[in-house]
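Values quoted throughout were computed directly from the atomic coordinates according to the rules given, and no laboratory measurement underlies them. This structure is a prediction, so every number in the text was calculated from the model and none was measured. Quick reminder, even Gly has a Cβ in these numbers, built from the backbone with ideal geometry, and neighbours come from all protein chains shown.
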Amino acid sequence: MSNEAEFSTALAATGARIQADFSREAELMITRTAKMLLLAGLGLFYALVIFNNLTDPNSNLQFARHVLSMDTTFPGNNGMWRAMPSPAWHWAFYWSIVLWEMATAILLWWGFARLLSVIRRTPAEFNAAKRVPVMALTLSLLMWLVAFLSVGGEWFLMWQSPKWNGEEAAFRNFVVVGVVLLLVLQPDTEEQP
């Protein structure tokens with residue numbers, strides 16, 4: 001009887017340890033998976049944006065043309081000296097944004113792959129693999145903040161245009177990417193919340 005009781009107690013203790021280990025690993029996987037899925041979601045977003053820019057360049061080129069030409073800003077504003085009506089500038093700005101988006105997309109998917117490759121490793125290894133995703137997300141934030149909100153919105157006074165104002169969309173994208181960056185930057189530990 002004593003051996004059976006000891007065996008049952010040992011079996012129950014082993015089962016509890018296995019369940020605790022599984023529970024801890026499941027918590028790590030949930031948090032890590034959330035970070036990776038959000039990166040993949042942004043990677044998909046950028047892939048679709050690039051696809052649209054490559055298959056229908058005229059739509060977004062018109063946006064660049066109107067913003068750079070400042071032809072829909074307030075009439076008689078004193079900032080018109082900044083306008084760049086040359087089509088060469090429109091194409092240059094357009095393609096620089098597309099290349100920026102491509103670089104961001106490549107880094108997002110590379111970062112996703114890096115995190116996937118270390119998903120079951122230690123928190124320190126997973127945290128170290130976040131360098132590429134952080135670069136990708138920072139590059140994305142800079143595009144929305146610098147190219148759209150600062151250069152387009154303030155320098156070319158895009159905010160004055162009732163039709164060609166991309167500030168709201170740029171701000172929305174900046175916030176979405178910023179939230180993902182904040183989540184990714186949360187350190188992975190042995191004990192996840």
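Details
- Selection from 136, 52, 90 lying farthest towards where the dipole of the range 29-185 points positive, charges on Cβ: 136
- Computed FRET value (nearest 0.05) for residue 60 with residue 88, which takes r as the C-beta separation and R₀ as 22 Å: 0.85
- Fully extended contour minus Cα-Cα distance, from residue 122 to residue 3, at 0.36 nm per residue: 39.0 nm
- DSSP loop GluC sites (Glu not before Pro) with at most 16 other Cβ within 10 Å excluded, longest remaining stretch of the chain: 1-189
- Restricting the trypsin sites (Lys or Arg not before Pro) of the range 62-121 to loop positions (DSSP other than H, G, I, E, B) with no more than 15 neighbouring Cβ atoms within 10 Å leaves 120, 121.
- Modelled this way, with points 7 Å down the Cα-to-C-beta line, the labels at residue 52 and residue 167 are 2.1 nm from one another.
- Charged side chains reduced to their Cβ positions (Lys and Arg at +1, Asp and Glu at -1) give the range 42-123 a dipole of some 420 debye around its Cα centre.
- Remark: spin-label model distance residue 186-residue 77 equals 4.0 nm, labels positioned 7 Å along the Cα→Cβ axis.
- Helix runs (DSSP H) in the chain reaching 20 Å along axis by Cα, Kyte-Doolittle at least 1.6: 167-185
- Listed candidates [x] 1.03; [y] 1.52; [z] 1.31 - label of the one calculated as Cα Rg over 2.2 N^0.38 Å: [y]
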